[in-house]
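Right, one structure below, let's go through it.
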Amino acid sequence: MYKKIIIDAKKAANAIFRHPWIFSGAIVSKDFDLKHGSLVQVEDPNGRLLGVGTYSAASSIAVRLLSFSEATIDKNWFIDQLRKADEKRRLFGFGSKGETTGYRVAFGEVDGLPGLIVDRFDEVFVFQIATAGMDALRTEIVEAIKEVFAPRTIYERSDLPSRREEELADEVGLRFGEEINQVEFKENGMKFLAEVANGQKTGFFLDQRDTRTAIRKLAKGRKILNIFSYTGAAAVAALLGGATSILNIDSSDKALASIADNAKLNKISTKKFSTEQADAFTWLSARNEPEYDMVIVDPPALIKSRHDLEEGKKAYHFVNRAAMRLVKNGGIFVTSSCSHYLTEEDLAFTLRRASVQNNLNLSLLQVIRQPSDHPFSVYFPEAAYLKTFVCRVGR
């Protein structure tokens, strides 16, 4: 039915064990008129079907498998995949009628949808497409979201740097329903605004939900510093948890202005938080005194590729070393990394080295990974990227 790609029998094990990526070096032959972004059928040299997927002529990942058996990739196939993905989330209480109405519906390869992310903010859905293969299936994706969820709005935010590798231009805009920028949703009973049209990613960092839960539990009676605060979701969690005050540092004036909106939704007095527009690295360089009962550090990905690894590790070391020295004796240090290329072991080493240099002792209270709507997969370990260490600081 689809054009064929034959891969080396010695390279077939990954597909047999349901890893969705096939690299270009594994290809023995392919149909001569195969186009970038086409759907393909993958076989071994003996004609054994390994799966159906999308082909990329631009990436080293030549095929991303959507199915490991025969399949017709159409609107009905997407409907089935999205229903299965959402059923898993509902096991954890996510959904339009629960205490958490903002969550990731589809998480790429883990949900059998490589190259596609779908986030839900109450009745507004935002999707991102990263590959040429999924780009060619946009109409089917939109129609499937409409069929499964009956949404108010579907918005596309395919403005990912990875699209350059796939020779794709950005695609951003309304795909169905009413035009909207901000939408209100709930997270464990807290209320937040997602800026679906102009915010970072799909409008909100849903993946730090469990970290915010931990912050809320530990915040009571504490004076807190929140570095890389963005729109203040962690600040809201801390203040609802009983923090006495919180200072939010971010380089974006627009993001800082949104903190007041999120605070208002949760009936939090503006007197309990303050904001300061500044480059976090510069701000931290100018301070040395331990004056906070809790410091939260949640930088953007400082290592975006293997080429950035060494410089990125230096950046993580600097920010953690500088931030932890601002924590009082007995205080809490919460630090995160969303860089896939920085492992948990790397972050632990960074903290170990930085704490010794500061003559501090860190007692690890909790390790938090990405939440259940951003799941790991035994078939696709590359899905693991987020890690947060919660530590008690001793002087």
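The values are calculated or read from the model by the stated rules, or taken from the named source; none is laboratory data. Everything numeric in this text was worked out from a predicted model, so none of it was measured. Cβ: placed from backbone, ideal geometry, glycine included. Neighbour counts: every protein chain shown.
Of all the numbered requirements in (1) part of a loop (DSSP other than H, G, I, E, B); (2) outside the structural domain of G102 (by TED's automatic domain parsing), I180 misses one, and that requirement is (2). Taken together, the residues in the range 257-274 that are closer than 22 Å to D293 by Cα and either assigned to a helix (DSSP H, G or I) or touching a strand residue (DSSP E or B) at 6+ places or on another chain (Cβ under 6 Å) (or both) amount to 7. Residue count for the range 143-162, restricted to those that are more than 20 Å from Q81 (Cβ to Cβ), touching a strand residue (DSSP E or B) at 6+ places or on another chain (Cβ under 8 Å), not in a strand (DSSP E or B) and not aliphatic (A, V, I, L, M): 2.
Please go through the range 253-282 and pick out each residue that is out of contact with any helix residue (DSSP H, G or I) (no Cβ under 9 Å at 6 or more places or on another chain) and surrounded by 12 or more Cβ atoms within 10 Å (Cβ to Cβ). Scanning the range 253-282 gives K254, A255, L256, A257, S258, D261, S274, A278. In the range 195-225, the qualifying residues are those that are outside any helix (DSSP H, G or I) and among the aliphatic types (A, V, I, L, M), and the one that is farthest from R163 (Cα to Cα) is A219.
Among the residues of the range 124-142, those that are among the aliphatic types (A, V, I, L, M), outside any helix (DSSP H, G or I) and either crowded, with 23+ Cβ neighbours inside 10 Å or more than 20 Å from the chain's Cα centre (by Cα) (or both) comprise V124, V126, I129, A136, L137.
For the range 1-47, taking the residues that are among the charged types (D, E, K, R) and in a loop (DSSP other than H, G, I, E, B), the one that is nearest to A57 (Cα to Cα) is identified as K35.
Report whether or not F121 is surrounded by 21 or more Cβ atoms within 10 Å (Cβ to Cβ) and not assigned by TED's automatic domain parsing to the domain that holds T100. First the steps, then the outcome.
Values: surrounded by 21 or more Cβ atoms within 10 Å (Cβ to Cβ): yes; not assigned by TED's automatic domain parsing to the domain that holds T100: no.
Judged against the criteria, F121 is not a match.
Can you pull out every residue in the range 163-177 that is in a strand (DSSP E or B) and basic (K, R)? Break it down stepwise before answering.
First pass over the range 163-177, keeping only residues in a strand (DSSP E or B): 171-177.
Selection gives R175 alone.
Within the range 62-80, the set of residues being in a helix (DSSP H, G or I) and surrounded by fewer than 20 Cβ atoms within 10 Å (Cβ to Cβ) comprises K75, N76, W77, I79, D80.
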